[in-house]
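Working notes, structure below.
The values are calculated or read from the model by the stated rules, or taken from the named source; none is laboratory data. Small disclaimer: the values here were computed from a predicted structure and weren't measured. Here Cβ is always computed from backbone atoms with ideal geometry, including for glycine, and neighbour counts include all displayed protein chains.
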């Protein structure tokens, strides 16, 4: 079958997911994208530009697969001459209803933030199938949506909640994890200090203040460790990163984005401990990558993280609060033997080699069912 995959914010994990699925799928997957910048404008106006590009393309797909950054209602309205009979699947990488807003953003104060969540809501109504990258993500969105709809003055359409629930399910994020295997280095010298890893975006929602606060305490206690700070940075970098670089000094053996994948992969294989302090993660691709490379995770008992651990092992790797994180870090630094037995195999199920058939079969089913699958508002 032919799939048109539409991504208005084509960068980072969104771009990797789209390009990797197109490469691995047994279907013919064509990408229709815009550059990954100006995310608010992409949600407002991206559908107009992409509709024009779609109509000019001459493509005749059997299915539209779109990301949460697309205003699907606008796109379908503008392309109805060629999309009216096409089934649509909406994939939520994130959502603007439960995504934590930056404290420096003026939109929440001026109550403009609701518009982006409403785009997600109406896009889900318009889609035939709604897919979330984790169980946590699906449940968080469903939990917050009733209060969001009740915040409007009347005609709250609460009946749409059951319709959305009926067509929503979980389809985990596919990752090219086996690519990491190609860059596994030789084991480091046994006397090297344990290496603590940060491999997330340099942004407020990843909780860098708590991460560095923990390292400062461990440094004051004289415990041996080194630190590798990876991940992308943007124009507004939280000041704690510059402070951490100064205070941790020679303990930092890597500071900055590894633009070369091989370099990034080698750091993941070398790292020993991944203390995660994020305030939000709908899936956590960087966490899964590190776990796959046998890095011992310390994860908060919330968000999507428990889904990445086998149930019998969760108590070993989930922490409750800052003091518990510190205690577990101390223990690992004093006894840094690998503790990842069973974790590598558990997250390997997210590799495209394991997931792509599930994707392909699902989209083939949606394509055969057509627009009668479960779309609309009843």
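Inspection of the stretch 183-193 finds a residue satisfying the criterion of being farther than 18 Å from residue 12 by Cα, surrounded by 14 or more Cβ atoms within 10 Å (Cβ to Cβ), modelled with pLDDT under 95 and in contact with a strand residue (DSSP E or B) (Cβ under 6 Å, 6 or more places away or on another chain).
If the condition is being in contact (Cβ under 8 Å) with a residue 60 or more places away in the chain and under 24 Å from the mean Cα position of the chain (by Cα), then the stretch 45-74 contributes 63, 64, 65, 66, 67, 69, 70. Scanning the stretch 285-306 for residues that are touching a residue at least 12 places away in the same chain (Cβ under 8 Å) and farther than 14 Å from residue 176 by Cα yields a total of 12.
Going by what's in this entry, would residue 154 be described as within 13 Å of residue 268 (Cα to Cα) and free of Cβ contacts under 8 Å to residues at least 40 places away in the same chain?
No, not satisfied.
Among the helices (runs of 4 or more DSSP H) confined to the stretch 295-378, the ones with at least 3 residues that are in the same structural domain as residue 136 (by TED's automatic domain parsing) and more than 20 Å from residue 138 (Cβ to Cβ) are located at 352-369.
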